[in-house]
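Undergrad: One structure, as structure tokens, below. Some questions next.
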């Protein structure tokens, strides 16, 4: 990979900065224990993930509604009862999930050299709680609620570029996800940084940076 020159870095949040997998699996495990059922949390997680992704492709609704409805549908598939409070608890829990251990140091170093932003499929109130755990002030935060559309659609990326006031080739988008992040970022002409977090899809477009952590991203960019 050749050295790159950019003025800003945008990030996917949940799964790239925030340890989404750990937070979600803990929530589902505790929910199943409270309901006194023996459904494997991993299986419920897999079903829920596919269900909520499918819902993101429908006409826009707030993410907390999608969280609740996807959880309800997933529980029904396992013949587990759903209470309206379950969905509310999931939305509340999401805002409390913490960053990966490498994030705080990496973001602090990058902040000294670049403008930083987030592009995320969530609601403003959930994101506002998450931001308190990152350790730096983001220059730009765009959530689905702002543009009334979800990734992999382009609206969130376009809004972030507009707020940054930069052309796409001066912005690096960092994410672990291909379909929902690096693919659409590439289509707009942004630079790409793959952050290896767990499962990854294949990306045919060439990467500009590939790292295992945000701290390594800072190392790679000389921050």
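This table checks each residue for (1) crowded, with 18+ Cβ neighbours inside 10 Å; (2) at pLDDT below 95; (3) under 14 Å from the mean Cα position of the chain (by Cα).
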residue	(1), (2), (3)
134	yes, no, yes
141	yes, no, yes
144	yes, no, yes
148	no, no, no
154	no, no, no
160	yes, no, no
163	no, no, no
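Undergrad: Further question on the same structure: List the helices (runs of 4 or more DSSP H) inside the range 118-223, counting only whole elements, that have at least 3 residues being more than 22 Å from residue 108 (Cβ to Cβ) and in contact with a helix residue (DSSP H, G or I) (Cβ under 7 Å, 6 or more places away or on another chain).
TA: Filter on the range 118-223 gives 144-147, 155-164.
The values are calculated or read from the model by the stated rules, or taken from the named source; none is laboratory data. Since we're looking at a predicted model, the values are computed, not measured. All Cβ positions, even for glycine, are placed from backbone atoms using ideal geometry, and neighbour counts span all protein chains on display.
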